[in-house]
Amino acid sequence: MKNHYDVRATYADELGKALARTYDQNVAKQIANASRASTNLSGGNGGLVLTLATGNTNSAAVTGDEIAAAIYDIAQTFDERDIPPTDRFCVLPPAEYYKLAESATRTVDVDFNPGGNGSFASGRVQQVAGIPVMMSNNVPQSNVGSNPSGANNTYSGDDSKTIGLVFHKSAVGTVKLMDMTTEISGSDYGIMYQGTLMVAKYALGHGILRPECAATIKLSAT
């Protein structure tokens, strides 16, 4: 009751961020699912799951060199599949991203081309094998079981060993019925709840389009 400023703008912003985070998590989940999917096209390719050759079962033991080598292998496979070189992306969790920045394979080329591919000072990597590299906490890294009823299980799957995603933008698609909107209760203040009701919502879903354009980098299972 002592507020002398409007807090609704902050709450609306946080609601929007929460929905945006869910959006990114679901898209990433579908990219991971696409990497394990087969294709319905005659003679087509399914997704690609690349297990680190060293057999590391613990992400703490993975090196930046291994991650860089995996991205190069995936880039080669994408080239062999005639997947366009533009609009490819690599997304890594923070731990793996910073390992890549410290890689001895000079993913951050500070000696030969300062600022040309990221910055050691800022801990940023721009590209590996021509693929832009980004960092996100939304890379799926858990085992999400299917709904027992069989409904709403589109975003299930075992990603407990996943440490990165590489994909072309055509790997998955989104169907949107209603864009994100934020609503505030008509009377502004709800006497019953002694507060203001705010709702943020959208109606959309994500699905696999081209499995051959999606790849997962994962740890060894054993």
**Request:** Residue by residue through the range 158-193, note down the ones that are assigned to a strand (DSSP E or B), under 28 Å from Pro85 (Cβ atoms) and either modelled with pLDDT under 85 or of a type in the set (A, V, I, L, M) (or both).
**Result:** Ile163, Leu165, Val166, Val172, Val175
**Complete:** Among (1) at pLDDT 90 or above; (2) among the charged types (D, E, K, R); (3) farther than 14 Å from Leu165 by Cβ, Arg106 falls short only on (1)
**Prompt:** Limited to the range 69-106, what total is found for residues that are in a strand (DSSP E or B) and of a type in the set (A, V, I, L, M, F, W, C)?
**Reply:** 4
**Request:** Would you point out the residue of the range 37-52, among those that are out of contact with any helix residue (DSSP H, G or I) (no Cβ under 8 Å at 6 or more places or on another chain) and in a loop (DSSP other than H, G, I, E, B), that is modelled with the highest pLDDT?
**Result:** Leu41
**Message:** Could you check the range 9-30 and list, in sequence order, the residues that are within 15 Å of Leu204 (Cα to Cα) and either acidic (Asp, Glu) or not in a helix (DSSP H, G or I) (or both)?
**Reply:** Asp24
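The values are calculated or read from the model by the stated rules, or taken from the named source; none is laboratory data. Nothing here was measured: the structure is a model prediction, and the numbers come from that model. Note that each Cβ is placed from the backbone with ideal geometry, even for glycine, and that neighbours are counted across all protein chains shown.
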